[in-house]
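Notes follow once the structure below has been shown.
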Amino acid sequence: MHGVTHRPLRGTRVLDVTTSIAGPYCAQILAALGADVVKVERPDTGDDGRAWGPPFWDGDGTMFLSANAGKRSLALSLRDPRGRDALLRLCGRADVFLQSLRPGLADELGLGADAVRARNPRLVYCSVGAYGRTGPLAREAGYDALMQAAGGLISVTGEPGRPGVRVGTSTIDQGTGTWAALGVLAALLERAHTGEGCVVDVSLYETAIGYLGYHLAGYLADGTIPAGEGTRFPMVAPYEVLPTRDGELMVAGGNDRIFRAICDVVGVPELVAEIRRHRAVLESSGAFAARRRERARQELPGGWDDDSDRDPCQDSHGSGLQAAVALGRGVGRAAHVQRGLE
């Protein structure tokens, strides 16, 4: 949220006692909205994420830097009574307390929701965990990749007929952090009416299950068991990476109007009538996808080949068609700033 001038959480004090990605990502969202976030880390090693790499940037892992912008940092040993007392004193004038300590450790250290909120009833206490506070797995820890597997996300990611793969970003961590931030904002809004804080509880596993929403609905509807489809989306066509003479394009044809535009840009307008006649048979057999790929290889207009400086994405946008180059392009390098506790 770089450049945002309106800071709705200005004056809101947040204590971030989380590590890895999910909790820090939540706190970073709150910081971007204007909150004063103090990140509490171990004196010896700091957040585990600092050591995750390569790549590193000025000694810190870039994954750590990507989830901890806009915060101040404080080193405290929570097993030392002096460090714990210092944190509890900060809780007395904080608005939000975020923690992702291993299950049971917060209560063991006297930093559980009841103990902390007894000092400050207006405090919003947010726990970020693997499986949540209740259920048979409540005492288990977990990481993003484990939740992608446990929640079924890996089983629907990858190429047909091949083993599932992990999604290439920490999507469960970041999604859980987003849910946590949303819960904290709702709790602060509620506090404005009641004067009382509350407890917010989010888990990686629930985030993973939530991401499978329409797959779960499909299974309940007719027993369909989803599997990896590569870049293809089986409910909409064409909705996948298509080959060109000099690279690949991700094309998303979300409705019939866009499908007609795709056919016009690719130079196969006759497919519109053909698919209208045989759509059910072609789509159910997979022949439709194979036909599109072969026609794309053979009949893409000359302006999309490697002898042209024209941008196929620009051509497609002018036709009302959304396409994106499937290969990554360079990103700019920006400086990061370390801030101490003032």
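The values are calculated or read from the model by the stated rules, or taken from the named source; none is laboratory data. Since we're looking at a predicted model, the values are computed, not measured. Every residue, glycine among them, receives a Cβ derived from its backbone with ideal geometry; neighbour counts consider all protein chains shown.
The residues in segment 171-192 that are of a type in the set (S, T, Y), surrounded by fewer than 24 Cβ atoms within 10 Å (Cβ to Cβ) and in contact (Cβ under 8 Å) with a residue 60 or more places away in the chain can be counted, and the count is 1. Search segment 195-223 for residues being of a type in the set (S, T, Y) and within 17 Å of C126 (Cβ to Cβ), and hand back the single one that is surrounded by the fewest Cβ atoms within 10 Å (Cβ to Cβ). In this case the residue turns out to be Y205.
Residues that are in contact with a Phe, Trp or Tyr (Cβ under 7 Å, 6 or more places away or on another chain) and among the acidic types (D, E) are absent from segment 192-203 altogether. Between R117, R93, R42, R72, the distinction of being exposed (fewer than 14 other Cβ atoms within 10 Å of the Cβ) and either closer than 16 Å to T18 by Cβ or more than 23 Å from the chain's Cα centre (by Cα) (or both) belongs to R93 only. Taken over segment 153-170, the criterion of being crowded, with 16+ Cβ neighbours inside 10 Å and among the small types (G, A, S) is satisfied by S155, G158, G164, S170. When the residues of segment 45-69 are filtered to those that are modelled with pLDDT under 95 and among the polar types (S, T, N, Q), which remaining residue is nearest to the chain's Cα centre (by Cα)? That would be S66.
Per-residue answers, yes or no, for (1) out of contact with any helix residue (DSSP H, G or I) (no Cβ under 7 Å at 6 or more places or on another chain); (2) basic (K, R); (3) in a helix (DSSP H, G or I):
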{"position": "T5", "(1), (2), (3)": "yes, no, no"}
{"position": "L30", "(1), (2), (3)": "no, no, yes"}
{"position": "V37", "(1), (2), (3)": "no, no, no"}
{"position": "S73", "(1), (2), (3)": "yes, no, no"}
{"position": "L78", "(1), (2), (3)": "no, no, no"}
{"position": "R84", "(1), (2), (3)": "yes, yes, yes"}
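For beta carbons closer than 7 Å, sequence separation of 6+ or different chains, a first residue in segment 242-256 that is closer than 15 Å to G267 by Cβ and a second that is of a type in the set (V, I, T), the qualifying pairs are L242/V251; L249/V241; L249/V325; V251/I262.
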